[in-house]
Amino acid sequence: MGVTCVSQVPVAEGKSVQQTVELLARRLEALGADKQGTFGVDCETYHTAATLGTQGQTGKLMYVMHNSEYPLSCFALFENGPCLVADANFDTLMVKLKGFFQNAKANKIESRGTRYQYCDFLVKLGTVTMGPSARGISVEVEYCPCVIANDCWNLLMEFMQSFMGSHTPGVPSVFGAKHDSTYSPGDTMVQYMELFNKIRKQQQVPVAGIR
C-alpha cells in the first residue's frame, strides 16, 4: 500500500462517460502501462434511525465501504470523523443494528473499472454508477514504494499530468492531516467517500471536459 490520490475527471466534450474512460486508457497505454485486472469500490449510506434523532436535528450519516484491494476488510466512515476498519462480517452487524442505523438503499454508489501498472505506479480508471446510471469518472493513482505523502506528492502530480493534463487534481485534503505520518488504506477510502459525495451533489450543468 503506497500513497494514493483519488480524483474525478470530467466527461470529455461531446463524449460519453465510457468514451472518456477509453480515452484515458489509451493515454495510459501509450505511456506503456499494462492492464492488471479489474477493481471495485462501493459505498452504502446509513443514517441514524429517526427514533434516536433529536427533533430539529439532522441525523448523522455513516458510510460503509468495500474495496476489492482489501477483500477481507470493511470500512465504516463518518463525514469529518473517524474511519473504522473491520472484517467483512461488519455488514452482518449493520443488519442487526437496523434499529439504530437505517440503510438508504437508493444512495448506493460504486466505482468499477480496470487496473493499470506503470513502473511503480498503480492506476485505476473507474466508472462511477448509482443504480443503472453512470454518474462520473474516478481516477486513483498510487505510488507503491512510498508511504509518506509529503515525500512523493510532486512525483505523483508529475505522473498524473502525463495523462490527465489540466485535470490533474490538487493535494487531497486527507494529506493535510498526515504530515509525515504513514499513509493507510483508510485514507484512500476517505478520498472515495469525498468523491462519491461530490458526485451525488453535482448538478447537471455543463463542465469543461478533457479534450
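The values are calculated or read from the model by the stated rules, or taken from the named source; none is laboratory data. In this text, all values refer to a predicted model and were calculated from it rather than measured experimentally. Methodologically, a virtual Cβ is constructed for each residue, glycine included, from the backbone with ideal geometry; neighbour enumeration extends over all protein chains shown. When the accessible area is computed, the model is the full protein with side chains, heavy atoms only, and any ligands, DNA or RNA have been set aside. Shrake-Rupley method; radii C 1.70, N 1.55, O 1.52, S 1.80 Å.
Some observations on this one:
- For region 139-155, backbone phi angles converted through the Karplus equation (6.51, -1.76, 1.60; θ = phi - 60°) give residue-by-residue couplings of 10, 10, 10, 10, 9, 5, x, 10, 10, 10, 4, 5, 7, 9, 4, 4, 5 Hz, Gly and Pro being listed as x.
- Protein-only accessible surface at a 1.4 angstrom probe places the residues SER133, SER111 in the order SER133, SER111, largest first.
- In range of the label at LYS60: residues from region 93-110 whose backbone nitrogen is under 19 Å from the point 7 Å along Cα→Cβ: 93-104
- Amide H partners (placed H, <5 Å) of CYS146, local residues excluded: VAL3
- Any cysteine of the chain lacking a neighbouring Cys Cβ under 4.7 Å - listed by number: CYS5, CYS43, CYS74, CYS83, CYS119, CYS144
- In order along region 33-47, the phi-based Karplus estimate (6.51 cos²θ - 1.76 cosθ + 1.60, θ = phi - 60°) of 3J(HN,Hα) comes to 6, 10, 5, 9, x, 10, 8, x, 10, 10, 9, 10, 9, 10, 10 Hz; Gly and Pro are listed as x.
- Between MET65, MET130, MET193, the residue with the greatest mean-square fluctuation in the GNM of the chain (Cα pairs under 10 Å linked by springs) is MET130.
- Whole-Hz ³J(HN,Hα) from phi, Karplus 6.51 cos²θ - 1.76 cosθ + 1.60, for region 94-106, glycine and proline x: 4, 4, 6, 9, 5, x, 10, 10, 10, 7, 8, 4, 5
- If you count Lys pairs in region 58-179 whose Cα atoms are under 26 Å apart, skipping same-chain pairs closer than 8 places in sequence, the total is 11.
- Within a Gaussian network of the chain (alpha carbon springs, distance under 10 Å), most fluctuating of VAL171, VAL190, VAL21: VAL171
- PHE78 paired with GLU13, simple spin-label distance in nm, labels 7 Å along Cα-to-beta-carbon: 4.5 nm
- Whole-number accessible area per residue in Å² for region 13-146, which is evaluated in the context of all protein chains at 1.4 Å: 54 Å²
- From largest to smallest, the equivalent ellipsoid semi-axes obtained for region 69-189 from the alpha-carbon gyration tensor read 29, 19, 13 Å.
- Residues whose placed amide H lies under 5 Å from that of ALA12, excluding near-sequence neighbours: THR20, ILE210
- Rounded to the nearest 0.05, the FRET efficiency derived from the C-beta distance between ILE148 and TYR70 at R0 = 22 Å is 0.60.
- Solvent accessible area, Å² - GLU79, 1.4 Å probe, full protein context: 90 Å²
- Rounded percent of accessible protein surface that carbon and sulfur make up, region 1-111, 1.4 Å probe: 53 percent
- Theoretical ellipticity at 222 nm over the chain - DSSP helices of four or more residues, -39500 (n - 2.57) apiece, nearest 500: -9000 deg cm²/dmol
- Share of pairwise Cα-Cα distances greater than 18 Å in region 1-117 is 64 percent (whole percent).
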